[in-house]
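Have a look at this one before I ask anything.
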Amino acid sequence: MATFLFRIGRWAFRRRRLVGGVWLGVLVLAGVAAAMAPAGQEEDLSMPGTESQKAFDLLDERFPRANSQGAEARLVFRAPDGQRVTAREHKGAVEDALGSLDGDHQVASATDPYETGAVSRDGTIAYSTITYTADAVDLTEATKSALEDAASRARDAGLTVEVGGSALDVEEAPGGTTELIGVLVAAVVLVLALGSLVAAGLSLLTAFLGVAIAFCLVSALAVPLGLTSTVAILALMLGLAVGIDYALFITSRFRDERAQGSEPEDAAGRAVGTAGSAVVFAGATVVIALAGLGVVGIPELTRMGMGGAGAVALAVLVALTLVPALLGFFGRRVLPRAVRKATAPGSGRPHRASTAAGRPGLAIRWARFVLRRPAAVLLIAGLGLGAVAVPALSLELGLPGDESKSVETTQRRAYDLLSEGFGPGFNGPLTVVVDLPESPDTRATTDLVVTTVRGVDGVASVGDPVLGPAGDTAVLTAVPRTAPHSGETKDLVHAIRDAVSGVEADTGAGILVTGRTALNIDISEAMSDALLPYLTVVIGLAVLLLTVVFRSVLVPVKAALGFLLSVGAAFGVLVAVFQWGWAADLLSIERTGPVMPLMPILIIGIVFGLAMDYEVFLLTRMREAYVHGASPGEAVVSGFRYSGRVVAAAAIIMISVFAGFIGMSSPTIQTMGVGLAAAVAFDAFVVRMAIAPAVLALLGHRAWWLPPILKRVLPRVDVEGEALSGRVPAPATGSRETAVPRLPAGRS
């Protein structure tokens, strides 16, 4: 591996014009493809195989002219204080507003609240349900404007009018102030870490190019692959984070090699052969974790995983080829000023930076501190993460609805009005679909279902059944007494399903419970059921991969256990912020509630891969020193000497990028930003820089033990670059370092 990547690095350095031209051409082609491709469509979250999804599919089949998951709006009318919406003048205003929707080809139906009884008991609030033939993203601007104009008509007549439902939902576009702030923070960290504007600009340039290509490819493939805007945002988020980090690691290694006296071309080859090997295996763990999301069975989650995996794979290719090519273009300008002066021709100074490297910087001092007190560090760090993870025991899952929107939005105000007028369960109605058997007495079967559902404790009301065009399907609506995301409503869904099972056995009818609330419950339970198989597959493959890389049994196991600590703490932060409201105002999160069902498994997939990034980058240098004769303690110090500062900078960059997405209005992206930023912070600074060295110090030589049978079976990938020792010229005279950096005997 190291030898192959060494050749790639040297070739890209020599053929830098060709490499740069190829990547520029790829960007242009991807941009043209994105510009010519039709716009993608947002899709409703679905879970094939669940009862609620089967019901939606049945409705689409039996009611072909309707869209069971199409857009819906609710015009909610409230009379002025002391008046009723049933008054003649207010009734005329409501009917005039609804009449203005006639003629819109996308409107399937608009109910009259006075005919359907959609008026609150005190007569102050009424609503009309408007259904559409298309999904929310397919509604035309004229259709949305007509809905808003209808609301304005009633407001002009003195009524308070709010619009709920999905019809006015807007697609969240990537890009914004907070994301730019995150990128600016990353740029500042790069300059401070590398000490060179050129080197910092190189890392940003390559990351931006990779992200631009990935984003264009997602846009171009949106229609044929069904990719949504969330997939594009995830690709943008991951591509920026790992793209900057991977370029940073290779550039940093190149600068180390140049500081030790290697010629530019050889330094580029060694940087790609060693740090590039770490990039390949780190990227592989991310790709495995993201591709593994497909085992869950949710199409949208699978697409998000594959889109993110594609962006990461592209970042790896850019780092291995374009980074060494740009190193050739920029030359000595990527080196810090002190090194440029020290290596300038005629300077009379040796081509090395051993004096600077020998000073005990913060990373080295920290490593030595951990080595002196490994048990105390391990205990404090472990208990600290455990304490932060405690709120995760109260994790609740649920799809965000209008209740999660800002109180300044009309959707949220409509939600609150409906809850006030018709009860908390009105915003989460359950739809019961009855597949009637071939029998002349279908009415009796339908009445039995209505009676059974109405008799379940917790059901507030059951609407009159609606028969399908062929008379073989009946649909009725049951309104719970409790709010959509409450535990009581979850129990109610299961209670209704249990109750109607007896009717199914007696009549032969197929009875399915669906609706947004039921779908939410089914997806949440499916996520819980899929979590253990997913963790088993992903962690198993990653542990196997790390065993090959580090040729150790205990190091990969330690890495996986540390990951579980960091992700548990991240879930604790999600619960504290999004459910309990801690620091919600600081993060501009206006509504607390359940965490999206996709978030736990999505964050696990992403964070596991990223956690292994830091494990590979930091421990590769430790193993490199260990296999070249350093003691276990010296190897730990060597890893922090050469990679500690860079890993810390990379983590801060990744945290900044993820935190930059917290300012978006989408609850999905906000949750993802908070969860990923917290998880990376815990994993990089607590697990990898405190727990990992403490465990290695306690294990000593046993940390790098590998059973003889595995030594014979496992392939040797040579991430340490041992095979490059004979290929690269030794540093200039006066250096005590060999081609592979070693710790001087007796020093740590």
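The values are calculated or read from the model by the stated rules, or taken from the named source; none is laboratory data. What you see is a predicted model; the values in this text were computed from it and never measured. No Cβ is skipped: glycine too gets one built from the backbone with ideal geometry, and neighbour counts run over all protein chains shown.
Counting only residues that are touching a residue at least 60 places away in the same chain (Cβ under 8 Å) and part of a helix (DSSP H, G or I), which one in the range 139-155 is nearest to Ala93 (Cα to Cα)?
Ranking the qualifying residues of the range 139-155, first place goes to Ala154.
Applying the selection to the range 469-496, what residues are surrounded by fewer than 17 Cβ atoms within 10 Å (Cβ to Cβ) and under 33 Å from the mean Cα position of the chain (by Cα)?
The answer is Gly487, Glu488, Asp491, His494.
Within the range 318-371, how many residues turn out to be modelled with pLDDT of 75 or more and not β-branched (Val, Ile, Thr)?
Total meeting the criteria: 23.
Return the residues of the range 478-489 that are modelled with pLDDT of 90 or more, outside any loop (DSSP other than H, G, I, E, B) and out of contact with any Ser or Thr (no Cβ under 6 Å at 6 or more places or on another chain); say none if nothing qualifies.
The answer is Ala478, and nothing else.
Checking the structure you have, find out if any residue of the range 515-522 is within 30 Å of Leu448 (Cα to Cα) and not in a helix (DSSP H, G or I). Give the steps one after another, and end with the answer.
Within the range 515-522, the first condition is being within 30 Å of Leu448 (Cα to Cα), and the residues that meet it are 515-522.
Subsequent filtering for residues that are not in a helix (DSSP H, G or I) retains 515.
Checking the range 515-522: at least one residue is within 30 Å of Leu448 (Cα to Cα) and not in a helix (DSSP H, G or I).
Go over the candidates Ser666, Ser643 one by one and state the one that is surrounded by fewer than 23 Cβ atoms within 10 Å (Cβ to Cβ), over 16 Å from Ile604 (Cβ atoms) and at pLDDT below 85.
The match here is Ser666.
May I ask you to say which residue of Val543, Val538 is of a type in the set (A, V, I, L, M, F, W, C), under 30 Å from Ala2 (Cα atoms) and surrounded by 22 or more Cβ atoms within 10 Å (Cβ to Cβ)? Walk me through it before giving the result.
Numbers: Val543 fails: surrounded by 22 or more Cβ atoms within 10 Å (Cβ to Cβ).
Every option except Val538 fails the conditions.
Further question on the same structure: Looking only at the range 144-171, filter to residues that are within 22 Å of Val223 (Cα to Cα) and surrounded by fewer than 19 Cβ atoms within 10 Å (Cβ to Cβ); which one of those is modelled with the lowest pLDDT? Full working, then the answer.
Let us first name the residues in the range 144-171 that are within 22 Å of Val223 (Cα to Cα), namely 166-167, 169-171.
Subset that is surrounded by fewer than 19 Cβ atoms within 10 Å (Cβ to Cβ): 169-171.
Values: Asp169: 70, Val170: 61, Glu171: 55.
By that ranking, first place goes to Glu171.
State which residue is farthest from the chain's Cα centre (by Cα) when the search covers only the range 253-301 and only residues that are modelled with pLDDT under 85 and not in a helix (DSSP H, G or I).
Filtering first and then ranking leaves Gly261.
On to the next question. What do you reckon, is Leu706 out of contact with any Asp or Glu (no Cβ under 9 Å at 6 or more places or on another chain), touching a residue at least 40 places away in the same chain (Cβ under 8 Å) and either closer than 28 Å to Val575 by Cβ or assigned to a helix (DSSP H, G or I) (or both)?
no
Now a separate question. Given the criteria in contact with an Asp or Glu (Cβ under 6 Å, 6 or more places away or on another chain) and at negative phi, does Ala650 qualify?
So Ala650 fits the description; yes.
All but one of (1) at pLDDT below 80; (2) under 21 Å from Phe608 (Cβ atoms); (3) surrounded by fewer than 21 Cβ atoms within 10 Å (Cβ to Cβ) hold for Phe685; state the number of the condition that does not hold.
Every listed condition holds for Phe685 apart from (1).
Quick check: anything in the range 9-24 more than 30 Å from Ala267 (Cβ to Cβ), modelled with pLDDT of 90 or more, buried (at least 16 other Cβ atoms within 10 Å of the Cβ) and not small (Gly, Ala, Ser)?
No, the range 9-24 contains no residue that is more than 30 Å from Ala267 (Cβ to Cβ), modelled with pLDDT of 90 or more, buried (at least 16 other Cβ atoms within 10 Å of the Cβ) and not small (Gly, Ala, Ser).
A follow-up question, please. From the set of residues in the range 225-251 that are surrounded by fewer than 24 Cβ atoms within 10 Å (Cβ to Cβ) and more than 14 Å from the chain's Cα centre (by Cα), which is modelled with the lowest pLDDT?
Looking at residues that are surrounded by fewer than 24 Cβ atoms within 10 Å (Cβ to Cβ) and more than 14 Å from the chain's Cα centre (by Cα), I get Gly226.
Tell me which residues, restricted to the range 375-418, are small (Gly, Ala, Ser), more than 29 Å from the chain's Cα centre (by Cα) and surrounded by fewer than 18 Cβ atoms within 10 Å (Cβ to Cβ).
Ala375, Ala376
Sticking with this one: Taking the stated definitions as given, is Gly49 assigned by TED's automatic domain parsing to the domain that holds Lys144 and either assigned to a loop (DSSP other than H, G, I, E, B) or modelled with pLDDT under 85 (or both)?
So Gly49 does not fit the description; no.
Out of the residues in the range 646-663 meeting the condition of being outside any helix (DSSP H, G or I) and not aliphatic (A, V, I, L, M), tell me which one is modelled with the lowest pLDDT.
Going through the qualifying residues, I end up with Gly663.
Check whether at least one residue in the range 419-435 is at pLDDT 75 or above, acidic (Asp, Glu) and crowded, with 17+ Cβ neighbours inside 10 Å, and report yes or no.
Yes.
Working carefully through the options Leu385, Leu379, Leu393, find the one that is closer than 26 Å to Pro667 by Cα, out of contact with any Leu (no Cβ under 7 Å at 6 or more places or on another chain) and assigned to a helix (DSSP H, G or I).
Leu393
Yes/no per residue for (1) under 24 Å from Leu561 (Cβ atoms); (2) assigned by TED's automatic domain parsing to the domain that holds Thr251; (3) of a type in the set (D, E, K, R):
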{"site": "Gly609", "(1), (2), (3)": "yes, yes, no"}
{"site": "Arg621", "(1), (2), (3)": "yes, yes, yes"}
{"site": "Ala650", "(1), (2), (3)": "yes, yes, no"}
{"site": "Ser656", "(1), (2), (3)": "no, yes, no"}
{"site": "Ala659", "(1), (2), (3)": "no, yes, no"}
{"site": "Ile662", "(1), (2), (3)": "no, yes, no"}
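Determine if the range 186-199 includes at least one residue that is modelled with pLDDT of 90 or more and either closer than 23 Å to Thr668 by Cα or of a type in the set (A, V, I, L, M) (or both).
So in the range 186-199, the residues modelled with pLDDT of 90 or more come out as none.
So far as the range 186-199 goes, no, none of its residues is modelled with pLDDT of 90 or more and either closer than 23 Å to Thr668 by Cα or of a type in the set (A, V, I, L, M) (or both).
Given the options Ala284, Ala278, Ala309, Ala313, name the one that is touching a Phe, Trp or Tyr at 6+ places or on another chain (Cβ under 9 Å) and farther than 17 Å from Gly49 by Cβ.
Working: Ala284 fails: touching a Phe, Trp or Tyr at 6+ places or on another chain (Cβ under 9 Å); Ala309 fails: touching a Phe, Trp or Tyr at 6+ places or on another chain (Cβ under 9 Å); Ala313 fails: touching a Phe, Trp or Tyr at 6+ places or on another chain (Cβ under 9 Å).
None of the others qualify; the one that does is Ala278.
Residues that are within 23 Å of Phe563 (Cα to Cα) and in a loop (DSSP other than H, G, I, E, B): does the range 668-682 have at least one?
Checked against the condition, which is being within 23 Å of Phe563 (Cα to Cα) and in a loop (DSSP other than H, G, I, E, B), the range 668-682 yields no hits at all.
To continue, here is another question. Residue check: is Glu141 over 18 Å from Ala241 (Cβ atoms), surrounded by 19 or more Cβ atoms within 10 Å (Cβ to Cβ) and modelled with pLDDT of 85 or more? Full working, then the answer.
On the way: over 18 Å from Ala241 (Cβ atoms): yes; surrounded by 19 or more Cβ atoms within 10 Å (Cβ to Cβ): no; modelled with pLDDT of 85 or more: yes.
It is false that Glu141 is over 18 Å from Ala241 (Cβ atoms), surrounded by 19 or more Cβ atoms within 10 Å (Cβ to Cβ) and modelled with pLDDT of 85 or more.
Out of Leu326, Leu240, Leu320, which single residue is hydrophobic (A, V, I, L, M, F, W, C), under 25 Å from Gly675 (Cβ atoms) and assigned by TED's automatic domain parsing to the domain that holds Ser203?
Of the residues listed, the single one that is hydrophobic (A, V, I, L, M, F, W, C), under 25 Å from Gly675 (Cβ atoms) and assigned by TED's automatic domain parsing to the domain that holds Ser203 is Leu240.
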